[in-house]
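The values are calculated or read from the model by the stated rules, or taken from the named source; none is laboratory data. Owing to the predicted nature of the structure, the values given are computational and were not obtained by experimental measurement. Backbone-built Cβ (ideal geometry, glycine too); neighbour counts: all protein chains shown.
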Amino acid sequence: MDIKDLKMLIKMVTETDITEFELENTDEKVVIKRGCAAPQFQMQAPVAYQYAPAAPVAPAAPAAPAAASAAAPAAAEKEQGDVITSPIVGTFYRAPAPEAAAYVEVGQIVEKGQVLCIVEAMKLMNEIEAEFKCKILKICKENAQPVEYGDALFVVEKL
């Protein structure tokens, strides 16, 4: 397929109601996705951050146990399973549309490449797929919740 054919396909998709087009033959695969309407989820208001005054400096001796206790929950979560994180900043959606069923539920076994959720960034829907076969142990975010790069989305157990 040459550039002329690609331009023709893009023009065809933009001039119709098609939101996704896929063409595959033996040695090529072309996928064209248009910016479809965002799911009509109820959005939460942005969080207003308030800064607390700086706390007084604590003595060095009590700080060491606090650091150890902070490391303990992280280690406990690591033992419970692997964490799938957000690759981008955006809005987390559990389903492709408000009335649709969620992509995954706790306890579900998913295959490699299966869609787990969507992270919307700048009106683009980015499907987050499982990188390996796993069992969903925990869903860390609520529907329509903002996520940052690296935020935990799911805790899973590799199978």
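Scan the range 98-128 for residues that are in a strand (DSSP E or B) and touching a residue at least 24 places away in the same chain (Cβ under 8 Å) and jot them down.
Residues of the range 98-128 in a strand (DSSP E or B): 109-110, 115-121, 124-128.
Within the range 98-128, ILE109, VAL110, LEU116, CYS117, ILE118, VAL119, GLU120, ALA121, LEU124, MET125, ASN126, ILE128 qualify.
Every residue in the range 24-42 that is modelled with pLDDT of 75 or more and surrounded by 13 or more Cβ atoms within 10 Å (Cβ to Cβ), please.
Step one: list which residues in the range 24-42 are modelled with pLDDT of 75 or more, which gives 24-33.
If the condition is that a residue be modelled with pLDDT of 75 or more and surrounded by 13 or more Cβ atoms within 10 Å (Cβ to Cβ), then VAL30, ILE32, LYS33 are the ones that fit.
Need the failing condition index for GLU131 against (1) assigned to a loop (DSSP other than H, G, I, E, B); (2) out of contact with any Asp or Glu (no Cβ under 8 Å at 6 or more places or on another chain); (3) surrounded by 14 or more Cβ atoms within 10 Å (Cβ to Cβ), just the number.
Answer for GLU131: the failing condition is (3).
Do we have GLU129 as out of contact with any Ser or Thr (no Cβ under 6 Å at 6 or more places or on another chain) and closer than 18 Å to TYR149 by Cβ here?
Values: out of contact with any Ser or Thr (no Cβ under 6 Å at 6 or more places or on another chain): yes; closer than 18 Å to TYR149 by Cβ: yes.
So GLU129 passes the test.
If I ask for residues that are loosely packed, with under 13 Cβ neighbours inside 10 Å, more than 16 Å from SER86 (Cα to Cα) and hydrophobic (A, V, I, L, M, F, W, C), which ones from the range 98-128 would you list?
ALA100, ALA101, VAL106
(1) touching a residue at least 60 places away in the same chain (Cβ under 8 Å); (2) in contact with an Asp or Glu (Cβ under 8 Å, 6 or more places away or on another chain); (3) more than 24 Å from ARG34 (Cβ to Cβ): which one isn't true of VAL89, the others all being true?
(3)
Among the residues of the range 78-97, are any in a helix (DSSP H, G or I) and modelled with pLDDT under 55?
Narrowing the range 78-97 to residues in a helix (DSSP H, G or I): 78-80.
Those left that are additionally modelled with pLDDT under 55: 78-79.
Looking through the range 78-97, at least one residue is in a helix (DSSP H, G or I) and modelled with pLDDT under 55.
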